[in-house]
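The values are calculated or read from the model by the stated rules, or taken from the named source; none is laboratory data. Values in this document were obtained by computation on a predicted structure and should not be read as measured data. The accessibility values were calculated without ligands, DNA or RNA, using every heavy atom of the protein model including side chains. Shrake-Rupley method; radii C 1.70, N 1.55, O 1.52, S 1.80 Å.
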Amino acid sequence: MRGHTENPGRESAAIPDLLREPFTLPNGFVLPNRLAKAALSEGLADRDHAPGDRIKSLYRRWAGSGMGLSVTGNVMVDSRAIGEPGNVVVEDERHLGHLTEWARLAKSGGSKVFVQINHPGRQAPRTLTARPVAPSAVASPGTAGMFAEPRALTHDEVGEIIRRFARTARTVLRAGFDGVQIHGAHGYLVSQFLSPLANLRTDDWGGTPEKRRRFLLELVRAVRAETGAGTPLSVKLNSADFQRGGFGEEESVEVVHALAAEGIDLLEISGGTYGSAAMLGVDPSLKESTRRREAYFLSYAERVRAELPGLPLMLTGGFRTLDAMADAVRGGAVDLVGLGRPLTVEPDIPRELLAGNSDRSIVNPKRSGIRLLDNLTELVYYSVQMRRMGQGKEPAPRRHPALNVAQFLVHNGVDSIRLPKRGR
């Protein structure tokens, strides 16, 4: 059961007031309050990758949730590179009508809405992409062969992907969305360029930390050229990849300094990849003490805030209680609290928290200790809840996880969790 606040004291009563306060981005854009829906991969696009009736139904349900900002699930910039089954793809204006209706419905409750734009790189299921592209021909570790070995991008192809991000940004803004977010976390293409394990290039796009971050900075510049200074531009970035020898906190902070110099309007902090999924709260790469604290990447946010006090920060990962959310904002570490999975099982949780009618989410990650199984089950559980809302139903949070995995396989096929061949 959700926790309800009975006769709250004076201090407790002030907590919703703190989170209800508007927040103004550096460019003057105002967010209605401090709670935000973080991006979730909905997997509900039509067969032609258009945002059809199911995704519109889901965002219609979320529109009245009370959140100040909603970030869509990752919208891909290339139909040849799909990160998950059912991704929306925006390459041009062919689906502008659908996009316009999606924007209208998502904003109908008063929330501001950013579109997260993304390219999966090597993190594309082999059932969708037989030969994905990446900075270097290095396979994705720790994912049981779900992703095929990639080929390295050519210099010209890197430039074309940058132009695709810019075109996608221009299109979604024309459709009526309020801003865009570049997905630079969780092991997708931007993460791959940043990682010294995934990016072995020795040309202009790799070989040193400065060259590894160039791809992200060129994306920011290209998107900004399309959107203008008055449109919010956000980046989602890992605090670390949680892989030995990979993209770590020190280098991440250097990237944040470079992003701040480019004038981004909002940095969302997360962490991990799908091979080491710290962001899900079930992976052993995340310390137990960090899980209990709720805000998984709070110490990193505090460091960024100390070094760059003027950069707006959104923190996502692990928030479950009203007290933890308020403490993060009241302590000055962050400006916005990102909620993801709680909104899939309790779509009205922001409104309930802000009204003081609830003090926590019922979401509690379930762990068996088997890394890949836990990561898969956690992802599938929440994907099924979104699918239900896309069908006009309410979430069913008490369903056994095994039923959710079975339903996922029915919709996506057994090969969606294909294991590696013997000897590879």
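Accessible area of Lys393 (1.4 Å probe, protein heavy atoms only, ligands and nucleic acids ignored): about 100 Å². Once backbone amide H atoms are built at 1.01 Å from N, Gln181 has Val115, Gln116, Ile117, Ser234 as its partners under 5 Å, excluding neighbours fewer than 5 places away on the same chain. In terms of distances greater than 22 angstrom between alpha carbons, the cross-link table entries Lys107/Lys393; Lys37/Lys236; Lys236/Lys393 yield Lys236/Lys393.
Taking every protein chain into account, the 1.4 Å probe leaves Glu84 with about 40 Å² of accessible area, to the nearest ten. Each residue of the stretch 82-87 was assigned a 3J(HN,Hα) from its phi angle through the Karplus expression (A = 6.51, B = -1.76, C = 1.60, θ = phi - 60°), giving 10, x, 8, x, x, 5 Hz with x at Gly and Pro. By definition, a body whose alpha carbon gyration tensor gives a ≥ b ≥ c is prolate when a/c is 1.5 or more and a/b is larger than b/c, and the stretch 21-125 fits this prolate description. Counting only residues at least eight positions apart within a chain, or on another chain, the aspartates and glutamates with an alpha carbon under 18 Å from that of Lys112 are Glu21, Glu101, Asp178, Asp265, Glu268, Asp335, Asp348. His49 sits with roughly 50 Å² accessible to a 1.4 Å probe, with DNA, RNA and ligands left out of the calculation.
Multiplying each eigenvalue of the alpha-carbon gyration tensor of the stretch 92-171 by 5 and taking the square root yields semi-axes of 31, 17, 11 Å, largest first, rounded to whole angstroms. The radius of gyration of the Cα set in the stretch 156-234, together with its Dmax, comes out at 13.2, 40 angstrom. In the stretch 200-277, Cα pairs under 8 Å separated by at least six residues give a relative contact order of 32 percent.
Using C-alpha pairs below 8 Å separated by at least 6 residues, the relative contact order for the stretch 104-187 is 37 percent.
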